[in-house]
1. Within region 343-352, can you find the residues that are part of a loop (DSSP other than H, G, I, E, B) and at pLDDT 90 or above?
2. What are the residues in region 297-306 that are surrounded by fewer than 19 Cβ atoms within 10 Å (Cβ to Cβ) and either in contact with a strand residue (DSSP E or B) (Cβ under 7 Å, 6 or more places away or on another chain) or free of Cβ contacts under 8 Å to residues at least 12 places away in the same chain (or both), if any?
3. Considering each of 55, 101, 12 in turn, give the residue that is buried (at least 16 other Cβ atoms within 10 Å of the Cβ), touching an Asp or Glu at 6+ places or on another chain (Cβ under 7 Å) and within 30 Å of residue 187 (Cα to Cα).
4. Assess whether residue 409 counts as being of a type outside the set (Val, Ile, Thr), more than 30 Å from residue 337 (Cα to Cα) and either surrounded by 12 or more Cβ atoms within 10 Å (Cβ to Cβ) or at pLDDT 85 or above (or both).
5. If we keep just the residues of region 182-233 that are touching a strand residue (DSSP E or B) at 6+ places or on another chain (Cβ under 6 Å) and of a type in the set (S, T, N, Q), which is modelled with the lowest pLDDT?
6. Of 444, 416, which residue is modelled with pLDDT of 70 or more, of a type in the set (Lys, Arg), under 33 Å from the mean Cα position of the chain (by Cα) and exposed (fewer than 12 other Cβ atoms within 10 Å of the Cβ)?
7. Identify, by number, the condition in (1) surrounded by fewer than 16 Cβ atoms within 10 Å (Cβ to Cβ); (2) more than 30 Å from residue 336 (Cβ to Cβ); (3) at pLDDT 80 or above that residue 361 doesn't meet.
8. Collect the residues in region 58-76 that are surrounded by 17 or more Cβ atoms within 10 Å (Cβ to Cβ) and either in the same structural domain as residue 190 (by TED's automatic domain parsing) or in contact (Cβ under 8 Å) with a residue 60 or more places away in the chain (or both), keeping them in residue-number order.
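The values are calculated or read from the model by the stated rules, or taken from the named source; none is laboratory data. Only a predicted model underlies this, so the values are computations on that prediction, with no experimental measurement involved. Cβ placement follows ideal geometry from the backbone for every residue including glycine, while neighbour counts extend to all protein chains displayed.
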Amino acid sequence: METKGTILIGEDERTARVSLAELLESRGYRVVQAEDGPQALTALVQRNLDAGLLDVRMPGLDGLAILKRARESGIDVPVIVMTAHGDSGTVIEAMRLGAYDYIAKPVDFDQLVLQLDRAVSGRKMSREVSQKPNQTIAAAQPAIIGYSPAMQHVYKLIGQVARTDATVLVRGESGTGKELVVNAVHHNSTRAKGPLVKVNCAAIPESLLESELFGHEKGAFTNAMLRRIGRFEEANGGTLFLDEIGELAPILQSKLLRAIQERTIERLGSGTPIRVDLRLITATSRDLEKAVSEGQFREDLYYRLNVVVIELPPMRERRQDIPALVEHFLRRGGRNVSMSPAALNLLCDYQWPGNVRELENTVERAAVLAKSGIVDAQDIQLRSVSRAEADWTDQIPLTHGWKTNLALAEKAMIVRALRMAAGNKSKAAEILAIHRRLVYEKMREYEINENSAES
């Protein structure tokens, strides 16, 4: 019987190594075993392998070091990395170094075999040798905390896209940590030694944003006393991050599209094109597809930005990460504070509409209020919702039709948030985890005036 291929298993724990070998042999693979790092590296270099399975922590040489040396030597064997310590730095570094995939321990055998089958099949279909990297960038350790499957997927994407210059769109609700993803992509890329320039498109007035992005010549407009370099030029050789891209005005959408397509910009008051070499990353908490369908966002620009999408999950979909996040926030700044099980359970049961940012603020506030260095349940201050507010949907008749009911529900949410924020639109936006500008738009759309919000 012809074997499906030859697999290297680099695992220092004998029981786990033998079990994996027996499993793979039963699925038609020939197996080469290595009990430490040097043996695994030798096998990768000298044996004719179809795929490798490496544990991160091995004596003599760890899995990532083996992977790095193999890639630097031009060895293109697909390698799957496995470890029980799936922190963001490890996963991102593994994918950046060219790992085929990452598997968390305890290993899901069905998933492992499926990934190995794909890796071996892909290698047999294409024997193209990968180019040897011309430089090695030390991986930064981004402050992204989480071990949930959803976050492991994010880490993989970061590691894969960091090796390229592809345009990246980071999506997610407000407070999910989009800027941390941007930092990780930049610092793990070949542009890490270049600048990372950040612009919040929603925080700068429309009248000033064009000059902020593209710069201006002296005398281009009133008070333009000196030539000013724009953010595109500042980011030359590095990465430009445009946050809240969904809030960009139509006229600037057109100019941004041209800059992306032609990789050139013109300062205000100048007709001279300036070549720029940068990697563009954008982020938004807005539904861009809806904005495109409503004519508020250019479809051609959307497709230019939507090349590689990294979607950040909301906190309510990654609650298993809460203990690790809490520990990180408590430990930060050298605090000697711990959290009681009752307090931690309270945090784990909460929905977190403000996502990681709300969790961070809640933990830091509790740490300040804690007595004797222990955060207890009474130190936790969570947003409370009254019974009347919890049942507000009961007041909406179901006979009006789906679209009408959705509009009524949306209006009720805006009004309720404004009341909770005492009419403060910025606070209302924070409660709803949306941008302030959207609150203004919905107030106009549903004719919500100041009086109705305060009543």
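1. Of the residues in region 343-352, the ones part of a loop (DSSP other than H, G, I, E, B) are 350-352.
Of everything in region 343-352, just one residue is part of a loop (DSSP other than H, G, I, E, B) and at pLDDT 90 or above, namely 352.
2. Step one: list which residues in region 297-306 are surrounded by fewer than 19 Cβ atoms within 10 Å (Cβ to Cβ), which gives 298-300, 302-304, 306.
Within region 297-306, 299, 303, 306 qualify.
3. Numbers: 101 fails: touching an Asp or Glu at 6+ places or on another chain (Cβ under 7 Å); 12 fails: within 30 Å of residue 187 (Cα to Cα).
Exactly one residue qualifies, and that residue is 55.
4. Working: of a type outside the set (Val, Ile, Thr): yes; more than 30 Å from residue 337 (Cα to Cα): yes; either surrounded by 12 or more Cβ atoms within 10 Å (Cβ to Cβ) or at pLDDT 85 or above (or both): yes.
Considered against the rule, which asks whether it is of a type outside the set (Val, Ile, Thr), more than 30 Å from residue 337 (Cα to Cα) and either surrounded by 12 or more Cβ atoms within 10 Å (Cβ to Cβ) or at pLDDT 85 or above (or both), residue 409 comes out as yes.
5. 211
6. Numbers: 416 fails: exposed (fewer than 12 other Cβ atoms within 10 Å of the Cβ).
So the residue among 444, 416 that is modelled with pLDDT of 70 or more, of a type in the set (Lys, Arg), under 33 Å from the mean Cα position of the chain (by Cα) and exposed (fewer than 12 other Cβ atoms within 10 Å of the Cβ) is 444.
7. (2)
8. Within region 58-76, 68, 71 meet the criteria.
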